[in-house]
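Colleague: Would you mind keeping the following structure in view while I ask a few things?
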Amino acid sequence: MAWDFETDPAFQTELDWIDSFVRDKVEPVDFIVPEPLDMANELRNAVIKPLQDQVKARGLWAFHLGKELGGPGRGQVQLALMNEILGRSRAAPVVFGCQAPDSGNAEVLAHFGTPEQKKIYLAPLLANEICSSFAMTEPQAGSDPKMFEMTAVSEGDEWVLNGKKWFATNAVFASFFITMAITDPDAANPYKRMSIFIVRADTPGIRFIRNMQVVNEPGNGSHGYIAFDDVRISADHLLGPRGEAFRVTQVRLGGGRVHHAMRSLAQCRIAFDMMCERALSRQTQGTNLSDKQLVQGMIADSWMQLEQFRLLLMRTAWKIDKEQDYKKVRKDIAAVKAVMPRVLHDIAANALQIHGSLGMTNEVPFIDQIITSFRMGLADGPTEVHKVTLAKQILRDYKPSADDFPTHHTLRRHEAALHQYADLIERLGIELPDRS
Ligand SMILES: Cc1cc2nc3c(=O)[nH]c(=O)nc-3n(C[C@H](O)[C@H](O)[C@H](O)COP(=O)(O)OP(=O)(O)OC[C@H]3O[C@@H](n4cnc5c(N)ncnc54)[C@H](O)[C@@H]3O)c2cc1C
């Protein structure tokens, strides 16, 4: 497959606009609005809504969506270039209408929703009149969804849900949840036992046990630990085919994972730029830090990690655009997801070290970025699981060797070469050393 690294000049103009708009108008919002999805916050609405209007007027709203859903439909490469800027700010994805987890939930609703579901849930979600939460993980099981226990039992024209969900991001602000429950416990195939449902957050029987707070997050925690006690929803709130939860969630998670990586790139860039500036600004033992070879080593390592990650990410975005099917790019997405936490962690750690004591404080972003790197290594599935997926996909293209020795075994190749050139060697009368 060939690839093309050029950015369309017309889109570069848009990127330049996004860059200065985010820097001048959106980044300051992070300092006055801690939770950009808290629609009950008057200041949030007064500040964010006019910014959203400017983005809409510019045709950049909900950039992750195809034209049929009201987005510009410009594909993942352009989205990556844009997210690389938006990831600098907590508020920016909300201002541009492409924030997680709503973006992934919108994709699922768009793919599998009925016309009625799209009207009630998707339309206001796309307009950011409401927000949503994805409640899949359970307190006893996260990495292995086959171990989930929440049930949905069909009773007349209703489903009755019972169980608990854990770490449902933004549940506290959400108008509805997209959740996963066992509907067909006796299905022979364990991947066909669960289904996806839409559940309004104000449905009787939903009980917040508590909100979990990741240590570097503002407020009082926005990741819901939620009990579903005899929660009754109408039969038409099944999302996608019954028993197909695994297939439905792959549509949601494929895009979400790459979009997280795109935004993480922005945080890597911030840490890297700060590291370089500090190295040139700070002196010790008579020279700048930038003159010390061990510091130069950190800068060189960080640049290489950043550029390798960016290339892998951009190529993955480009492949998604070409294939138009997340399944065909599964290997690349798993690699991007697995490498991202390590790159963010390492670059932020180097930046922290070069800043000395200042690096440890909340006056610079490095501790926050390091915690975020761990968050990225868990949200949407732990790194280990993605490495397993990657390795399995890679190994599909290989075969075992035909005998006890590797196909690339030197003696085997030497013998083959002698055989291939036997006539010539004999004609020239050359004596070659015996390697057997
Ligand atoms: C900030 C944040 C936001 C989140 N948002 C959401 C959300 O919105 N909705 C939602 O449903 N969930 C959400 N989650 C939960 C997330 O999906 C789970 O944390 C993740 O799937 C891991 O599950 P677990 O925490 O139960 O860890 P476990 O499943 O207990 O795994 C613990 C550790 O075991 C190791 N491990 C697991 N499987 C393997 C394996 N196959 N091979 C080798 N080692 C393995 C890994 O090191 C892993 O970190 C969020 C998590 C975080 C941290």
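Colleague: If you take every DSSP beta bridge whose two residues both sit in the chain, what share of them, in percent to the nearest 5, is antiparallel?
Modeller: The antiparallel proportion sits near 85 percent.
Colleague: Please grab the % of Cα pairs in the range 247-395 that end up more than 21 Å from each other.
Modeller: Cα-Cα pairs of the range 247-395 separated by over 21 Å account for 47 percent.
Colleague: While we're on this one: What would the Debye formula give as log10 I(q)/I(0) at q = 0.11 Å⁻¹ for the alpha-carbon point model of the range 107-186, no solvent?
Modeller: Taken in order of the listed q values, log10 I(q)/I(0) reads -0.34.
Colleague: So what does the Cα-only Debye profile of the range 9-99 read at q = 0.17, 0.20 Å⁻¹, as log10 I(q)/I(0), no solvent term?
Modeller: -0.67, -0.92
Colleague: Taking θ = phi - 60°, what integer Hz values does the Karplus form 6.51 cos²θ - 1.76 cosθ + 1.60 yield along the range 104-121, in sequence order, with x for Gly and Pro?
Modeller: After applying 6.51 cos²θ - 1.76 cosθ + 1.60, I find x, 5, 5, 4, 5, 4, 5, 6, 10, x, 7, x, 5, 4, 5, 5, 6, 10 Hz.
Colleague: Tell me which trypsin sites (Lys or Arg not before Pro) from the range 359-400 have a DSSP coil assignment and no more than 13 other beta carbons within 10 Å of their own.
Modeller: Here the trypsin sites (Lys or Arg not before Pro) that fit, given the DSSP loop and packing criteria, are 396.
Colleague: Moving on to the next point. Tell me which chymotrypsin sites (Phe, Trp or Tyr not before Pro) from the range 1-81 have a DSSP coil assignment and no more than 16 other beta carbons within 10 Å of their own.
Modeller: Filter output for the range 1-81: 3, 5.
Colleague: Remind me, what semi-axes does the range 132-239 give for its equivalent ellipsoid, largest first in whole Å, using sqrt of 5 times each Cα gyration tensor eigenvalue?
Modeller: Over the Cα atoms of the range 132-239, the ellipsoid semi-axes are 24, 16, 10 Å.
Colleague: Give, in nm to one decimal, the length gained when the segment between residue 395 and residue 294 is fully stretched (0.36 nm per residue of separation minus the Cα-Cα distance).
Modeller: Details: separation 101, 0.36 × 101 = 36.36 nm, distance 3.83 nm.
Gain on extension, residue 395 to residue 294, equals 32.5 nm.
Colleague: How tilted is helix 245-281 with respect to the longest principal axis of the chain? Cα atoms for both, answer in degrees (0 to 90, nearest 10).
Modeller: Relative to the chain, helix 245-281 is tipped by roughly 70 degrees.
Colleague: To continue, here is another question. At most 11 other Cβ atoms within 10 Å plus a DSSP loop assignment makes a site exposed; report the longest stretch of the chain without any exposed GluC sites (Glu not before Pro).
Modeller: Values: sites that count: 6, 129, 363, 431.
Counting at most 11 other Cβ atoms within 10 Å as exposed, the longest clean stretch of the chain is 130-362.
Colleague: Something else about it: Which value, in nm² and rounded to one decimal, describes the direction-averaged projected area of the C-alpha convex hull of the range 231-289?
Modeller: If I average the Cα hull's projected area over directions, I get 7.6 nm².
Colleague: Can I ask one more? Evaluate the range 60-197: find the radius of gyration of its Cα atoms, find its Kirkwood radius, and give the ratio Rg to Rh. Don't skip to the answer; put the middle values down first.
Modeller: Details: Rg = 16.7 Å, Rh = 16.5 Å.
For the range 60-197, the value is 1.01.
Colleague: Evaluate E = 1/(1 + (r/R0)^6) for residue 211 and residue 114, where r is the Cβ-Cβ distance and R0 equals 22 Å; express this FRET efficiency to the nearest 0.05.
Modeller: In this case the efficiency is close to 0.10.
Colleague: Residue-wise, which Karplus ³J(HN,Hα) couplings in Hz belong to the range 214-223, taking 6.51 cos²θ - 1.76 cosθ + 1.60, θ = phi - 60°, and x for glycine or proline?
Modeller: 6, 4, 9, 8, x, x, 10, x, 10, 9
Colleague: At 7 Å along the Cα-to-beta-carbon direction for both residue 27 and residue 242, put a label point, then send me their distance in nm to one decimal.
Modeller: It is 5.4 nm.
Colleague: Helix-derived [θ] at 222 nm for the chain: sum -39500 (n - 2.57) over DSSP H runs of at least 4, divide by residue count, nearest 500?
Modeller: -14500 deg cm²/dmol
Colleague: Then there's this: To the nearest 0.05, what FRET efficiency results for residue 200 and residue 123 with a Förster distance of 25 Å applied to their C-beta separation?
Modeller: It comes to 0.95.
Colleague: Next question, about the same structure. Separation between the residue 158 and residue 17 pseudo-spin-labels, each 7 Å from Cα along Cα→Cβ, expressed in nm?
Modeller: 5.0
Colleague: If each residue's Cβ is checked for other Cβ atoms within 10 Å, how do 214, 29 rank with the fewest at the top?
Modeller: Going from least to most buried by this count: 214, 29.
Colleague: How far apart, in nm, are the 7 Å Cα→Cβ label points at residue 250 and residue 431?
Modeller: Distance between label points: 6.3 nm.
Colleague: For each pair in 331/399; 56/328; 292/387; 146/328; 56/118, compute the distance between the two Cα atoms and list the pairs where it is over 26 Å.
Modeller: Among 331/399; 56/328; 292/387; 146/328; 56/118, the Cα-Cα distance tops 26 Å for 56/328; 292/387.
Colleague: Please report Rg over Rh for the chain, where both radii come from the alpha carbon positions and Rh follows the Kirkwood definition.
Modeller: Value, to two decimals: 1.06.
Colleague: Okay, moving on. By how many degrees, 0 to 90 and rounded to 10, does the Cα axis of helix 76-86 deviate from the longest principal axis of the chain?
Modeller: For helix 76-86, the angle is close to 70 degrees.
Throughout, read-outs are computed from the coordinates displayed, never taken from laboratory work. What you see is a predicted model, and the numbers here were worked out from it, not measured in a lab. Note that we place each Cβ from the backbone using ideal geometry, even for glycine, and neighbour counts take in every protein chain shown.
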